[in-house]
Amino acid sequence: MKEIVRTRFAPSPTGHLHIGGARTTLYNWLFARHHGGQFVLRIEDTDEVRSTTDSVSAIFDSISWLGLDWDEGPLDMEHEKGPNGSYFQMKRLPLYQEQIQKLLQEGKAYPCYCTKEELEVIRKDAQKENRASYDGRCRRLTDRQKKDYEASGRKPAIRFEMPEEGETVVNDIIRGPVSFTNRLLPDLVIQKTTGGPTYNFACVVDDHAMSISHVIRGDEHLSNTPAQIQIYKALGFSLPQFAHLSMIMGPDGTKLSKRHGATSVLEYKEQGFLPEALRNYLALLGWATAESKQLFTPKELIQAFDLAGCQKNPATFDQVKLSWMNGEYMRAFSPADIIARSETFLKGAGLLPQLPGPSLEKLAALEREKFKLLKDVPDRIGFFYRDFEFTPEAEKVLAKPEVKDVLSGLAALLESFEPFEDKALEGAIRQFCTQKGLKPGQVFHPLRAAVSGRTEGPTLFLMLELMGRELVLKRLRRAG
RNA sequence: GGCGCGUUCGUCUAGCGGCCUAGGACGCUGCCCUCUCAAGGCAGAGACCACGGGUUCAAAUCCCGUACGCGCCA
């Protein structure tokens, strides 16, 4: 029988969901959807100091904003869905306890009383002699020794006993077989002195308990995988398949971080990126089809996605290409959609509710092919509704000596010209040029600068029509 | 330091031994369109496939080593 595909994203809620995490989520989600399987969200909040509920909500918000959904996992702080809960590790502590006790009883794990300082020394020695970073000295403590340690107030960590012979092979879907020498694997701490499970242990217990079939995660976990595999084996669990994704780098080739600008998904939302564009872009960061297809509908993405097509080497995040892609998506929207989607930005700029003047939709249609980000919408059409500062370029155009005459001439013409419409205006103004013996450019440029404050913008005569006679005249006089 | 992973145009990538005088996309340059800016169309520059050795009739593709980058141990 074919195994049901179950993937998961298991973030630590210690900050916003960043771009790398978003891509990992996306790939897990795509893989599950592609195979008709399930996608699970699990919150790894065992780091009590750094975990925050704000981070948890940011993670929910980010994933939802990207248009991804999870079949099992928390819905909010109190509610969850799915038969394998809880999906918060802090609520699963007894489960880890149980497995740790089992390992202890079977002699596969042991208490280690070494202090930080002692461990530091052991590690340094190990480095010199090319051994694992812990020498296993607490493996065979007598009951007496344990008692003495306890009496002296030491709290033990629990370590898992790694095999000393042979090797462990990780059969990675993306990288192929990767083998590690067991002798070099240190006895992994599975329970901290505080009593909580460590990441590598809780992760194994949960992935098994939640029947995860494919563990798809960042490259940084590849080195921990052999130790996890040994734990799977010791616990008698069957192994999931592993796939380690390459990392995402900043433009300077180091791991993408705040130094490189926006790293959190929500920041991209605030900057006016569309979730569908970010999702499309992220899908292509480290994955491609044979044809190098660029633009995908969600359906196409699910259909085409394949872990085997994933890149082994790290990818550099390129915001320029993301912006291009965002523009592609915006251009595909109807004017009504553009307005609907940029609602928060329009509100933020005071353009919604609709102000007196042309309809937002008409302006969206007018400027459609110039929008790259949602926030460009208010930026590009705001001058239809309110006064503006002239750009330096516009001031230059208006400073030319003949301009004053041109503008007053235009004002006189437009005062009573009928109909005040695109084509008719164009005809009249072109005629005005001929009469005055001016080249069209000598008239069009100052006119544009006068009414819009810029040297670039919408097509001129339709812009005049939409602005309306009154405003155009007011601005001509102001600029003159 | 040890172990692991990686290395194709500036960037994302196609490529799984002959189709490669290396294809696509973003960006860049030029031309066309044009009232500006975009969008669109066309054309172009841009990669000695990290480097050095093998294997083979044939290598970007397979093997080994070196360098560099990244990750884990921390």
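If you check residue A:73 against the conditions, is it on the phi > 0 side of the Ramachandran plot and either in contact with an Asp or Glu (Cβ under 9 Å, 6 or more places away or on another chain) or in a strand (DSSP E or B) (or both)? Even if it seems obvious, please write down each step before you answer.
Numbers: on the phi > 0 side of the Ramachandran plot: yes; either in contact with an Asp or Glu (Cβ under 9 Å, 6 or more places away or on another chain) or in a strand (DSSP E or B) (or both): yes.
Spelling it out, residue A:73 is indeed on the phi > 0 side of the Ramachandran plot and either in contact with an Asp or Glu (Cβ under 9 Å, 6 or more places away or on another chain) or in a strand (DSSP E or B) (or both).
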Unmet requirement for residue A:305, which otherwise passes all of (1) away from RNA strand B (no atom under 14 Å from the Cβ); (2) of a type outside the set (D, E, K, R); (3) buried (at least 18 other Cβ atoms within 10 Å of the Cβ): (1)
Leading residue by the ranking (surrounded by the most Cβ atoms within 10 Å (Cβ to Cβ)) among those in the range A:109-165 that are of a type in the set (Val, Ile, Thr) and in contact (Cβ under 8 Å) with a residue 12 or more places away in the chain: A:158
Subset tally (residues that are assigned to a loop (DSSP other than H, G, I, E, B), within 36 Å of the chain's Cα centre (by Cα) and hydrophobic (A, V, I, L, M, F, W, C)) for the range A:352-398: 6
Odd one out for residue A:411, checked against (1) away from RNA strand B (no atom under 13 Å from the Cβ); (2) surrounded by 17 or more Cβ atoms within 10 Å (Cβ to Cβ); (3) within 50 Å of the chain's Cα centre (by Cα): (3)
Checking residue A:59 against (1) closer than 25 Å to residue A:227 by Cβ; (2) part of a helix (DSSP H, G or I), the condition it does not meet: (1)
Some residue of the range A:115-122 being in contact with a helix residue (DSSP H, G or I) (Cβ under 7 Å, 6 or more places away or on another chain) and among the β-branched types (Val, Ile, Thr): no
Selected residue (criterion: surrounded by the fewest Cβ atoms within 10 Å (Cβ to Cβ)) from residues of the range A:442-457 that are more than 16 Å from residue A:432 (Cβ to Cβ) and more than 6 Å from RNA strand B (Cβ to nearest atom): A:454
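Criterion first (in contact with a helix residue (DSSP H, G or I) (Cβ under 7 Å, 6 or more places away or on another chain) and farther than 24 Å from residue A:236 by Cβ) does residue A:174 satisfy it?
Yes; evaluated as a whole, the condition is true for this residue.
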Yes/no for residue A:257 being without any contact (Cβ under 8 Å) to a residue 60 or more places away in the chain, within 10 Å of RNA strand B (Cβ to nearest atom) and either of a type in the set (Val, Ile, Thr) or surrounded by fewer than 16 Cβ atoms within 10 Å (Cβ to Cβ) (or both): yes
Check on residue A:170, within 15 Å of RNA strand B (Cβ to nearest atom), surrounded by fewer than 19 Cβ atoms within 10 Å (Cβ to Cβ), modelled with pLDDT of 90 or more and closer than 30 Å to residue A:31 by Cα: no
When residues of the range A:173-193 are limited to those that are farther than 30 Å from residue A:94 by Cα and among the basic types (Lys, Arg), the one nearest to RNA strand B (Cβ to nearest atom): A:175
From A:204, A:215, residue being surrounded by 20 or more Cβ atoms within 10 Å (Cβ to Cβ), more than 24 Å from the chain's Cα centre (by Cα) and within 16 Å of RNA strand B (Cβ to nearest atom): A:204
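Among the candidates A:327, A:357, A:348, which residue alone is away from RNA strand B (no atom under 16 Å from the Cβ) and at pLDDT 95 or above? Give the steps one after another, and end with the answer.
Working: A:327 fails: away from RNA strand B (no atom under 16 Å from the Cβ); A:357 fails: at pLDDT 95 or above.
Going through A:327, A:357, A:348 in turn, the sole match is A:348.
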Lone qualifier among A:434, A:455 - being polar (S, T, N, Q) and not in a helix (DSSP H, G or I): A:455
Contacts under 9 angstrom Cβ, first residue in the range A:426-445 being within 22 Å of residue A:456 (Cβ to Cβ) and of a type in the set (A, V, I, L, M, F, W, C), partner within 13 Å of RNA strand B (Cβ to nearest atom) and assigned to a loop (DSSP other than H, G, I, E, B), 6 or more apart: A:433/A:439
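Please tell me if residue A:427 is away from RNA strand B (no atom under 13 Å from the Cβ), over 30 Å from residue A:346 (Cβ atoms) and not assigned by TED's automatic domain parsing to the domain that holds residue A:359.
Numbers: away from RNA strand B (no atom under 13 Å from the Cβ): no; over 30 Å from residue A:346 (Cβ atoms): yes; not assigned by TED's automatic domain parsing to the domain that holds residue A:359: yes.
When the stated conditions are applied, residue A:427 does not pass them.
The values are calculated or read from the model by the stated rules, or taken from the named source; none is laboratory data. Please read all numbers here as calculations on a predicted model, not as lab measurements. We place every Cβ from the backbone using ideal geometry, glycine too, and count neighbours over all the protein chains shown.
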